[in-house]
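See below for the structure under consideration.
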Amino acid sequence: MTQPTSSDLIRAAREAFNRAIAEKDARRIRPLLAASYHLVTGRSDQFHGADEEEIRWADLFKQDPTAVYHRTPREITANDSWGIAEELGNWQGEYAINGELVRASGVYAAKWQRTTQGNWVLQAEIFTTIKYDERCIPPDPIDSQGGLVARQ
């Protein structure tokens, strides 16, 4: 029997993440993340830390039971000798804003690293929204100094 490749293992981990979201189980998301995990969302919000990310997902599932996101890998490139990999893919999401269902989708890049136990965990994910319903809230603007501008 052939051993699974790094790409196979990362695709399986991504599918486990998708299932955890679909089943609203934040506890199953945490083991897929490195402790120092960093996230940039499709609307440019940033979050840091695997423990915080588990709490953020749990809160989202409670506040918005309609929320669901699905990530589909297009390409996985691994450096097996270093135990690092990049995943590029497409994402789509549905969630509620003021009680109305909205949809958004786009592309993402993810950085994976293999643990000493041989599991692949996410170090970072960056999502970019490409398509969205008009009710979706855009990111806060950035001024010429690189700082966020408060919305009126």
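Selection of the range 66-86 for residues being of a type outside the set (V, I, T) and not in a strand (DSSP E or B) yields A67, D80, S81, W82, G83. Inside the range 6-39, residues that are more than 28 Å from K131 (Cβ to Cβ), assigned to a strand (DSSP E or B) and in contact (Cβ under 8 Å) with a residue 24 or more places away in the chain make up a count of 2. Against the numbered list (1) surrounded by 15 or more Cβ atoms within 10 Å (Cβ to Cβ); (2) out of contact with any Phe, Trp or Tyr (no Cβ under 6 Å at 6 or more places or on another chain); (3) part of a loop (DSSP other than H, G, I, E, B), G42 comes up short only at (2).
The conditions of being within 19 Å of A12 (Cα to Cα), modelled with pLDDT of 95 or more and in a loop (DSSP other than H, G, I, E, B) are met by T116. Looking only at residues of the range 53-88 that are among the small types (G, A, S) and crowded, with 16+ Cβ neighbours inside 10 Å, we find that the one that is farthest from L32 (Cα to Cα) is A67.
Each residue in the range 45-59 was checked for being more than 17 Å from I126 (Cα to Cα) and free of Cβ contacts under 8 Å to residues at least 12 places away in the same chain, and 1 pass. Scanning the range 119-152 for residues that are among the β-branched types (V, I, T) and assigned to a strand (DSSP E or B) turns up V121, I126, T128, T129, I130, I142. Looking only at the range 55-86, count how many residues are within 20 Å of V107 (Cα to Cα) and either of a type in the set (S, T, N, Q) or touching a His at 6+ places or on another chain (Cβ under 7 Å) (or both). Matching residues across the range 55-86 total 2. Summed over the range 101-116, residues that are in contact with a Leu (Cβ under 9 Å, 6 or more places away or on another chain) and among the aliphatic types (A, V, I, L, M) total 3.
The values are calculated or read from the model by the stated rules, or taken from the named source; none is laboratory data. This is a predicted model, so every value here is computed, not measured. All Cβ positions, glycine included, derive from the backbone under ideal geometry; neighbour counts span all protein chains shown.
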